[in-house]
Amino acid sequence: MTIRNFMVLVCLYISTQATYAQFTGTNPSTLSDNGLITGKLVIGTSSYPSFTNARRLTLHRKFLGLPAQGAPLHAYTTGMRFTHRYSALGTNYTDFNWDIAVTHNTMLFHSLNTNTTIMNLKPDGKVGIGLNNPDATLHVKNFNSTKIDAHLEGFTLIDGAQASLLLGAQTGVPYGEWGIEYNPGARGLNFWKPSGASAGHGNYYLFINDNGKVSIGLDPTAANTYNGDYNLYVGKGILTEKVKVALKNTADWADYVFADNYQLMPLSDVDKFVKEHKHLPGVPSAEEVQKEGIDVAKMDAKLLEKIEELTLYMIQLKEENEALKAEVEQLKTKIK
């Protein structure tokens, strides 16, 4: 290939590249073909510092001072706009416009159609949805009182040291009125009141242990909290209008006392037992109740057992009394 032919080929290549993606017209110019940028592209004012710090695409705006009150978003932000033209019937159309904009300290996702900033990101890592100044890593505004503001499907994990779900900050308290957390030390789900709560703060108002046992107003880490094989442990008592206790079978009730083969303890033996132990036979002592508590159903059955035994003792005494009365009448007849 001669030098002349080589130079012709070079000129042809340059001419094809030069005509690629040409801009035509003035203010605004129009891209008339496909474009390919292999370097860095900066869009914005000519005062951009240096291409050294530029990304493949850099949007730049130099802004001094604060915008006028109520100024539109584009007046004081750097950003991109996405416009989607939609037509349901192919005739009338609607443009849906979305802006991704940046101010000196915030990145915003903005709907131009409703002039609403949907989400913003702060340089300190805070994200706000529906508000401009988030006060937490994720801050979601309550838009209204009738629709759900957050909907999480599937597994949602709240984890980390002292990770809690806090409720009730609308009352003005700093951390809410109630907290729900998994307490790894006590090994269970803890319902607690944070510092600053209007009714005071504290732990273990309600606690669900890993083993399924539930305590109210008790310290789950104390050694004697979960004594016995029960599911619910309550401190300071229960006030209720109605309690109904069911038995597993009829043998747990005291009707067996009236069976013909029931061995009723003689009163003399009862007297001896009471003098020695200071409580009725078969009834737990005060020390046992303090240590182990009582089963309400079993205790009711035991008390009924003692009432029925007392009834039998009274029947025996009545029979003995009637027999004595008959003997007295016979003696009176003989004396006469």
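When residues of the range 176-208 are filtered for being farther than 12 Å from residue 219 by Cα and small (Gly, Ala, Ser), how many remain?
8
Would you pick out the residues in the range 49-61 that are outside any strand (DSSP E or B) and surrounded by 11 or more Cβ atoms within 10 Å (Cβ to Cβ)? If you could, list the steps in order and put the result at the bottom.
Step one: list which residues in the range 49-61 are outside any strand (DSSP E or B), which gives 49-56, 61.
Hits for the range 49-61 are 51, 54, 61.
Being open to solvent by 70 Å² or more (accessible area, probe 1.4 Å), among the small types (Gly, Ala, Ser), free of Cβ contacts under 8 Å to residues at least 60 places away in the same chain and closer than 30 Å to residue 206 by Cβ is the requirement here; does residue 169 meet it? Lay out the reasoning, then the answer.
Details: open to solvent by 70 Å² or more (accessible area, probe 1.4 Å): no; among the small types (Gly, Ala, Ser): yes; free of Cβ contacts under 8 Å to residues at least 60 places away in the same chain: yes; closer than 30 Å to residue 206 by Cβ: yes.
Taking the combined requirement at face value, the residue does not satisfy it.
Among the listed residues 109, 96, 82, which satisfies the condition of being in contact with a His (Cβ under 7 Å, 6 or more places away or on another chain) and within 30 Å of residue 151 (Cβ to Cβ)? So that I can check it myself, show each step before the final result.
On the way: 109 fails: in contact with a His (Cβ under 7 Å, 6 or more places away or on another chain); 82 fails: in contact with a His (Cβ under 7 Å, 6 or more places away or on another chain).
Of 109, 96, 82, the one residue that is in contact with a His (Cβ under 7 Å, 6 or more places away or on another chain) and within 30 Å of residue 151 (Cβ to Cβ) is 96.
In this structure, is residue 177 closer than 30 Å to residue 228 by Cβ, of a type in the set (Asp, Glu) and surrounded by 12 or more Cβ atoms within 10 Å (Cβ to Cβ)? Break it down into steps so the answer makes sense when it comes.
Values: closer than 30 Å to residue 228 by Cβ: no; of a type in the set (Asp, Glu): yes; surrounded by 12 or more Cβ atoms within 10 Å (Cβ to Cβ): yes.
The answer is no for residue 177.
So, in the range 150-164, how many residues would count as being open to solvent by 80 Å² or more (accessible area, probe 1.4 Å) and either within 24 Å of residue 124 (Cα to Cα) or touching a residue at least 12 places away in the same chain (Cβ under 8 Å) (or both)?
Going through the range 150-164, the residues open to solvent by 80 Å² or more (accessible area, probe 1.4 Å) turn out to be 151-153, 155-159, 161-162.
Applying the additional criterion that residues be either within 24 Å of residue 124 (Cα to Cα) or touching a residue at least 12 places away in the same chain (Cβ under 8 Å) (or both) yields 157-159, 161-162.
Counting residues in the range 150-164 that are open to solvent by 80 Å² or more (accessible area, probe 1.4 Å) and either within 24 Å of residue 124 (Cα to Cα) or touching a residue at least 12 places away in the same chain (Cβ under 8 Å) (or both) gives 5.
When you scan the range 103-147 for strands (runs of 3 or more DSSP E) that lie fully inside it, which ones turn up with 3 or more residues that are under 26 Å from the mean Cα position of the chain (by Cα)? Write out each step before concluding.
Details: elements: 107-111, 116-121, 127-129, 138-140.
It comes to 116-121, 127-129, 138-140.
Please find, among 244, 193, 213, 147, the residue that is among the charged types (D, E, K, R), surrounded by fewer than 14 Cβ atoms within 10 Å (Cβ to Cβ) and over 30 Å from residue 109 (Cβ atoms). Show your work before the answer.
Numbers: 193 fails: surrounded by fewer than 14 Cβ atoms within 10 Å (Cβ to Cβ); 213 fails: surrounded by fewer than 14 Cβ atoms within 10 Å (Cβ to Cβ); 147 fails: over 30 Å from residue 109 (Cβ atoms).
The conditions single out 244.
When you look at residue 95, is it assigned to a loop (DSSP other than H, G, I, E, B), among the charged types (D, E, K, R) and farther than 29 Å from residue 133 by Cβ, yes or no?
On the way: assigned to a loop (DSSP other than H, G, I, E, B): no; among the charged types (D, E, K, R): yes; farther than 29 Å from residue 133 by Cβ: yes.
No.
Give the residue that is farthest from residue 223 (Cα to Cα), with candidates limited to residues of the range 270-309 that are small (Gly, Ala, Ser) and open to solvent by less than 60 Å² (accessible area, probe 1.4 Å). Can you show your working first?
Filtering the range 270-309 down to residues small (Gly, Ala, Ser) leaves 282, 285-286, 293, 297, 301.
Cutting the leftovers down to open to solvent by less than 60 Å² (accessible area, probe 1.4 Å) gives us 282, 285, 293, 297, 301.
Details: 282: 29, 285: 23, 293: 15, 297: 26, 301: 30 Å.
By that ranking, first place goes to 301.
Check whether at least one residue in the range 22-31 is modelled with pLDDT of 80 or more and touching a strand residue (DSSP E or B) at 6+ places or on another chain (Cβ under 7 Å), and report yes or no.
Looking for residues that are modelled with pLDDT of 80 or more and touching a strand residue (DSSP E or B) at 6+ places or on another chain (Cβ under 7 Å), one finds at least one in the range 22-31, hence yes.
Restricting attention to the range 296-323, which residues are within 13 Å of residue 253 (Cβ to Cβ) and not aliphatic (A, V, I, L, M)? Steps first, please.
Kept after step one, since they are within 13 Å of residue 253 (Cβ to Cβ), are these residues of the range 296-323: 297-305, 307-308.
Listed by number, the residues that qualify are 298, 300, 302, 305, 308.
The values are calculated or read from the model by the stated rules, or taken from the named source; none is laboratory data. Bear in mind the structure is a predicted one, so any value in this text is a computation, not a measurement. All Cβ positions, even for glycine, are placed from backbone atoms using ideal geometry, and neighbour counts span all protein chains on display. Ligands, DNA and RNA are excluded from the accessible area calculation, which covers all protein heavy atoms including side chains. Shrake-Rupley method; radii C 1.70, N 1.55, O 1.52, S 1.80 Å.
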